[in-house]
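To start, the structure itself, in structure tokens.
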Amino acid sequence: MVKTEEFVNQIYGVISETFKTETIHLKGNNGVNNIVLFDEPELIPVEKSRYRIAYLTMAVFNGEKLILIVEAIIKAPTPPKEIVGPIPVCMITRKIIINKKNGQNLEYSLTDKNSKFLLLVVVPDQGEGSPKSDQISDLNEKFKGVLDLDSEYSNLEDFAICEISDIKLVLKKLLKDNL
């Protein structure tokens, strides 16, 4: 059984090792209450929850620019529907809000042509020689072939899905291919 806090801390360790000077927001860390994605840039206060499309695990910023979203999926074995679910959600994201425990909110609009970002979906190791491990590689390939990341509707530059044991290698490749 995967322990959520240990799993997320392991991911955070790799991310913070990679992004030494960038700002990393992690749910439940450094005063961050939660990280929320919205599908509209202009939120009507009384209807704010109508536009909420997801809560996140982690977001990496370089100044005001969102570079990377990391979604940790704790369940093992991990069903394909849960693995790929964050991809279309991130494609239509138009605003991200970091809610702080002190009540302060950091809002980032993702509406200009420079607001595309990367997504890394991390799942627990699926087991040595498990068909689920092969399935993760297949899902990466198939969804990259099916989804039009260059569409005017997509804010997602690129994505990768990986098991926790492959995170360093996959993150390095994702960054090399896109930054």
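Per-residue 3J(HN,Hα) values for the stretch 35-41, derived from phi via the Karplus relation 6.51 cos²θ - 1.76 cosθ + 1.60 with θ = phi - 60°, read 10, 10, 9, 10, 9, 9, x Hz in sequence order (x marks Gly and Pro). Amide H to amide H distances under 5 Å link Glu157 with Phe117, Leu118, where only residues 5 or more positions off or on other chains count and H is placed in the peptide plane.
With K and R counted +1 and D and E -1, the other residues having a Cβ less than 15 Å from that of Gly145 yield a net charge of -3. Projected onto planes of every orientation and averaged, the convex hull of the alpha-carbon atoms in the stretch 117-179 covers 4.4 nm². Modelled this way, with points 7 Å down the Cα-to-C-beta line, the labels at Asn178 and Ile97 are 2.5 nm from one another. For Glu40, the residues whose modelled amide H falls within less than 5 Å of its own, excluding neighbours fewer than 5 places apart on the same chain, are Arg94, Lys95. Helix 167-178 and the long axis of the chain differ in direction by around 60°, with both axes built from C-alpha atoms. Given in Å, the Rg to one decimal and the Dmax to the nearest whole number for the Cα atoms of the chain are 15.8, 50. For the stretch 135-164, GluC sites (Glu not before Pro) are listed when DSSP marks them as loop and at most 11 other Cβ atoms sit within 10 Å of their Cβ; the list is Glu152. With the convex hull constructed from alpha-carbon coordinates only, the stretch 45-112 shows a mean projected area of 6.0 nm² over all directions. Relative contact order for the stretch 4-178: 22 percent, from Cα pairs under 8 Å spaced at least 6 residues apart, divided by residue count.
For the chain, adding -39500 (n - 2.57) for each run of n ≥ 4 DSSP H residues and dividing by the number of residues yields -9500 deg cm²/dmol at 222 nm. Among beta bridges identified by DSSP and lying wholly in the chain, the antiparallel ones come to about 65 percent.
Every number in this text was worked out from the coordinates using simple rules, so none of it is lab data. In this text the structure is predicted, and so the values were computed from the model without any measurement. Note that we place each Cβ from the backbone using ideal geometry, even for glycine, and neighbour counts take in every protein chain shown.
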